[in-house]
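> If you scroll down you'll find the structure; I have some questions about it.
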Amino acid sequence: MSVLYGGPDRRRDKRVKVNFIVGFLVCKPLEVHMSVENKQTDAVMADLSKSGMAIISSSSLPKAATLELDFTLVTPYRIDGKIITKMKIEGNVVNRADLGENKYRLGIEFTKIDEKDRAAIVDFVKLTAQS
């Protein structure tokens, strides 16, 4: 899945295009949390950097919604040999674009991330950007 985004690039960190499944749970705002009945929803991760990601979702979430994100990062050539890293990260929706056909591109900035997870993402981005 390739989704083009025509807006200005305001990201401060190097990012790479990906096509991963990511699960998310809405934590805030309460009215959105209640409307999805505390269930995890799947989306497609479109890009990833050490400070955030973009996902393509059928959920129309408002800016500033807080999400708990759950995904597995596979980095075959990591220096430390840890190929698979399961991640649980919290982030806020910082931008939202309606792609039509009940699809939304959500830009998410990480707000709570373990430093080991951030290091794994940095390795992944560095290795992926080189290939």
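> In the stretch 65-106, which residues are of a type in the set (Lys, Arg), more than 11 Å from the chain's Cα centre (by Cα), surrounded by 11 or more Cβ atoms within 10 Å (Cβ to Cβ) and closer than 21 Å to residue 27 by Cα?
From the stretch 65-106, those of a type in the set (Lys, Arg) are 78, 82, 86, 88, 96, 103, 105; that's our starting set.
Then drop every residue that is not more than 11 Å from the chain's Cα centre (by Cα), which leaves 78, 82, 86, 96, 103.
Narrowing the set further to residues that are surrounded by 11 or more Cβ atoms within 10 Å (Cβ to Cβ) leaves 78, 82, 96, 103.
If the condition is that a residue be of a type in the set (Lys, Arg), more than 11 Å from the chain's Cα centre (by Cα), surrounded by 11 or more Cβ atoms within 10 Å (Cβ to Cβ) and closer than 21 Å to residue 27 by Cα, then 96, 103 are the ones that fit.
> Take residue 127 and tell me if it is within 14 Å of residue 17 (Cα to Cα) and assigned to a helix (DSSP H, G or I).
Values: within 14 Å of residue 17 (Cα to Cα): yes; assigned to a helix (DSSP H, G or I): yes.
Yes.
> Now for a separate question. Taking the stated definitions as given, is residue 61 open to solvent by less than 80 Å² (accessible area, probe 1.4 Å), at pLDDT 85 or above and within 16 Å of residue 103 (Cβ to Cβ)?
Working: open to solvent by less than 80 Å² (accessible area, probe 1.4 Å): yes; at pLDDT 85 or above: yes; within 16 Å of residue 103 (Cβ to Cβ): yes.
Considered against the rule, which asks whether it is open to solvent by less than 80 Å² (accessible area, probe 1.4 Å), at pLDDT 85 or above and within 16 Å of residue 103 (Cβ to Cβ), residue 61 comes out as yes.
> Criterion first (out of contact with any strand residue (DSSP E or B) (no Cβ under 7 Å at 6 or more places or on another chain) and at pLDDT 95 or above) does residue 47 satisfy it? If you could, list the steps in order and put the result at the bottom.
On the way: out of contact with any strand residue (DSSP E or B) (no Cβ under 7 Å at 6 or more places or on another chain): no; at pLDDT 95 or above: yes.
Answer is no for this residue.
> Can you name every residue in the stretch 16-44 that is open to solvent by less than 50 Å² (accessible area, probe 1.4 Å), of a type in the set (A, V, I, L, M, F, W, C) and modelled with pLDDT under 85?
Once the filter is applied, which keeps residues that are open to solvent by less than 50 Å² (accessible area, probe 1.4 Å), of a type in the set (A, V, I, L, M, F, W, C) and modelled with pLDDT under 85, the stretch 16-44 yields 32, 36.
> Which residues, counting only those in the stretch 101-131, are small (Gly, Ala, Ser) and at pLDDT below 95?
First, pick out the residues of the stretch 101-131 that are small (Gly, Ala, Ser): 107, 119-120, 129, 131.
The answer is 119, 120, 129, 131.
> How about the stretch 107-119: which of its residues are more than 20 Å from residue 27 (Cα to Cα) and of a type outside the set (Gly, Ala, Ser)?
The first filter runs over the stretch 107-119 and keeps only residues more than 20 Å from residue 27 (Cα to Cα), leaving 115-119.
Those that are more than 20 Å from residue 27 (Cα to Cα) and of a type outside the set (Gly, Ala, Ser): 115, 116, 117, 118.
> Please find, within the stretch 100-124, the residue that is nearest to residue 57 (Cα to Cα) out of those that are touching a Leu at 6+ places or on another chain (Cβ under 7 Å) and among the aliphatic types (A, V, I, L, M).
106
The values are calculated or read from the model by the stated rules, or taken from the named source; none is laboratory data. All values reported here derive from a predicted model rather than from experimental measurement. Note that we place each Cβ from the backbone using ideal geometry, even for glycine, and neighbour counts take in every protein chain shown. Calculation scope for accessible area: heavy atoms of the full protein, side chains included, ligands and nucleic acids excluded. Shrake-Rupley method; radii C 1.70, N 1.55, O 1.52, S 1.80 Å.
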